[in-house]
Amino acid sequence: MLQLVTHRHGSPQPDHSFFILNKGTNSGKPLTAPCANCFTAICSNENEKEMYYWLCWGLWQAKAFEHFLTGSVILFIRKDELMHEIRKQAAHINQECYNATIAKVQLMAKQEETIKQQLQLLHQLKRAMIRQHLQK
């Protein structure tokens, strides 16, 4: 069962946990590493962690958390509202279809990282080629 607690810097990271940003316009975004403004999402096992991580990612991508943002200067999301929305969406999941979709999304994320690395290398190559001519 998913639990949300406010992350405290220096506190030990529980097993089977991930982090959810709670301040700014990206509130609700799941993270693999903690930051100053996040909740710790504690799950009971690795499968549950993956399921909730990708559910939060999908909700964040769909901008489902935007209407819960509060604050006039620094936007933030309340823990209870975030938890309610996550649980509401989790109740409607067909686990087999969801797992198949998540496997595809994870594969696309790996491909996206590969492409980003290739683009970075191409950028470095272009710079190196230009510098070669400028140094002469």
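The values are calculated or read from the model by the stated rules, or taken from the named source; none is laboratory data. Values in this document were obtained by computation on a predicted structure and should not be read as measured data. Counting neighbours? That spans all protein chains shown, and the Cβs are built from the backbone with ideal geometry, glycine included.
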For I93, state whether it is more than 30 Å from R8 (Cβ to Cβ), surrounded by 12 or more Cβ atoms within 10 Å (Cβ to Cβ), in contact (Cβ under 8 Å) with a residue 12 or more places away in the chain and not charged (D, E, K, R). yes
Scanning region 30-51 residue by residue, the ones that are in a helix (DSSP H, G or I) and out of contact with any Leu (no Cβ under 8 Å at 6 or more places or on another chain) total 5
Qualifying positions in region 5-47 - among the aliphatic types (A, V, I, L, M), surrounded by fewer than 17 Cβ atoms within 10 Å (Cβ to Cβ) and touching a Phe, Trp or Tyr at 6+ places or on another chain (Cβ under 6 Å): none
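Would a scan of region 77-84 turn up a residue that is under 12 Å from N26 (Cα atoms), touching a residue at least 40 places away in the same chain (Cβ under 8 Å) and surrounded by 13 or more Cβ atoms within 10 Å (Cβ to Cβ)?
Within region 77-84, one or more residues are under 12 Å from N26 (Cα atoms), touching a residue at least 40 places away in the same chain (Cβ under 8 Å) and surrounded by 13 or more Cβ atoms within 10 Å (Cβ to Cβ).
Listed here are the residues, each with its yes/no results for (1) in a loop (DSSP other than H, G, I, E, B); (2) of a type in the set (D, E).
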{"position": "F18", "(1), (2)": "no, no"}
{"position": "G28", "(1), (2)": "yes, no"}
{"position": "Y53", "(1), (2)": "no, no"}
{"position": "W57", "(1), (2)": "no, no"}
{"position": "L82", "(1), (2)": "no, no"}
{"position": "K88", "(1), (2)": "no, no"}
{"position": "E96", "(1), (2)": "no, yes"}
{"position": "N99", "(1), (2)": "no, no"}
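Could you tell me whether any residue of region 67-76 is hydrophobic (A, V, I, L, M, F, W, C), assigned by TED's automatic domain parsing to the domain that holds H7 and part of a helix (DSSP H, G or I)? Give the derivation first.
Taking region 67-76 and keeping what is hydrophobic (A, V, I, L, M, F, W, C), we get 68-69, 73-76.
Among the residues that remain, those that are also assigned by TED's automatic domain parsing to the domain that holds H7 are: 68-69, 73-76.
So of that shortlist, the ones also part of a helix (DSSP H, G or I) come out as 68.
For region 67-76, residues hydrophobic (A, V, I, L, M, F, W, C), assigned by TED's automatic domain parsing to the domain that holds H7 and part of a helix (DSSP H, G or I): present.
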